[in-house]
Amino acid sequence: MFKRECIVGIDIGGTKILTVVADMHCNVLAKVESLTNAFEGYERVIDRIVSSIYTALERAGIDVKEVCAAAACVPGPELDVKKGVVYFAGNLNWKNVDLKEILERKLKVPVFIENDANSAALGECLFGAGQGTSDMVYVTVSTGIGCGIIINKKIYHGASDSAGEIGHMVVLPGGPACSCGNRGCLEALASGTAIARDAKELAKKGCADAVLKAAGGEIEKINALAVAKAAKAGDGTAKEIFYRAGRMLGLGLANLVNLINPSLIVLGGGVMKSKELMWEPMEKEFYARAIKRAGQNVEIVSAELGSMSGIMGALAIARSYIE
């Protein structure tokens, strides 16, 4: 029925944009990475997305007329999947961006929009750590904390496409401010952003010299990676920051398991590259808080697809257009 022979996936992150061209079996033919630079405004970001798509197509030797569909995954917490409108994405500073309409107008192909954690959950379910499982949860710990729920191998969206926003579950009332406007969210306590914030505060007090050194001596350059570097080198302060983040993550996962009782939790995201610094406190807090039977019957594993989780889910969503 369709003459077009390829699909496009776009993973729009707070730091970078990953664009992939693939065949109908989701085999990657070409990919392009570019900086998001969200501070420049959504129009410039979308222009870069379009440019990256054409670059990827050129590398794959494919004309845009051969593209069957494209799908983009976007950070939450508020978007309308059917309309393709991003109502609010704190890490991008986007409000009321009609992403689907703009991309379809520029590309002249059908475009689908999905929450990035949902897309990554689908990617891991179909191609990664969740293969063989029909019901699972994917949690990404990165700049923010996102979550995707898979039921019968399909994304569970909820009534307003807001299901799974574990990052904005309040675990410490009155706690640190979160990008969503609330306080004490899990994301404000266990994400890479939270880890960096805690380290910066300590560095300003002269209590995180090893972390400051790992960041090149500049407080504003302290990020989760610098904290991890110091912790892996044996610094006690850095270890404690990750320990606290791990405990809060375990608390959030316990609440999640108590609520929906999945058989599998897949953990991904950049912060989990340093999982050895937080896995033990995470598990300790998790088993202390989870309902015993639910906790004993869930397996917690690491994601297998790495930074490709979201893009593989996006490709599966684009492919579903013709299935």
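The values are calculated or read from the model by the stated rules, or taken from the named source; none is laboratory data. All values reported here derive from a predicted model rather than from experimental measurement. Neighbour counts are summed over all protein chains in view; Cβ atoms, including those assigned to glycine, are modelled from backbone coordinates with ideal geometry.
Key figures for this structure:
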| item | result |
| --- | --- |
| Per-region count, segment 271-293, residues in a helix (DSSP H, G or I), without any contact (Cβ under 8 Å) to a residue 40 or more places away in the chain, of a type in the set (G, A, S) and crowded, with 16+ Cβ neighbours inside 10 Å | 0 |
| Filtered residue count, segment 227-245, keeping only those that are surrounded by fewer than 24 Cβ atoms within 10 Å (Cβ to Cβ) and not charged (D, E, K, R) | 5 |
| Of the criteria (1) in contact with a Lys or Arg (Cβ under 8 Å, 6 or more places away or on another chain); (2) within 20 Å of L122 (Cβ to Cβ), which one H25 fails | (1) |
| Of all residues in segment 296-307 being at pLDDT 95 or above and not in a loop (DSSP other than H, G, I, E, B), the one that is surrounded by the most Cβ atoms within 10 Å (Cβ to Cβ) | I300 |
| Candidate set: segment 170-196, residues that are part of a strand (DSSP E or B) and hydrophobic (A, V, I, L, M, F, W, C); chosen: the one surrounded by the fewest Cβ atoms within 10 Å (Cβ to Cβ) | A177 |
| Filter result (of a type in the set (G, A, S) and buried (at least 21 other Cβ atoms within 10 Å of the Cβ)) within segment 261-270 | G268, G269 |
| Residue identified as closer than 23 Å to K275 by Cβ and assigned to a strand (DSSP E or B) among G148, G167 | G148 |
| Search result, residues across segment 151-164 that are surrounded by fewer than 17 Cβ atoms within 10 Å (Cβ to Cβ), out of contact with any Asp or Glu (no Cβ under 6 Å at 6 or more places or on another chain) and in a strand (DSSP E or B) | K154 |
| Test: G123 is in the same structural domain as G192 (by TED's automatic domain parsing) and within 17 Å of A72 (Cα to Cα) | no |
| Set L79, L103, L92: member being within 22 Å of S307 (Cβ to Cβ), at pLDDT below 95, outside any loop (DSSP other than H, G, I, E, B) and not assigned by TED's automatic domain parsing to the domain that holds G158 | L79 |
| Verdict on L267 being of a type in the set (A, V, I, L, M), within 21 Å of the chain's Cα centre (by Cα) and assigned to a strand (DSSP E or B) | yes |
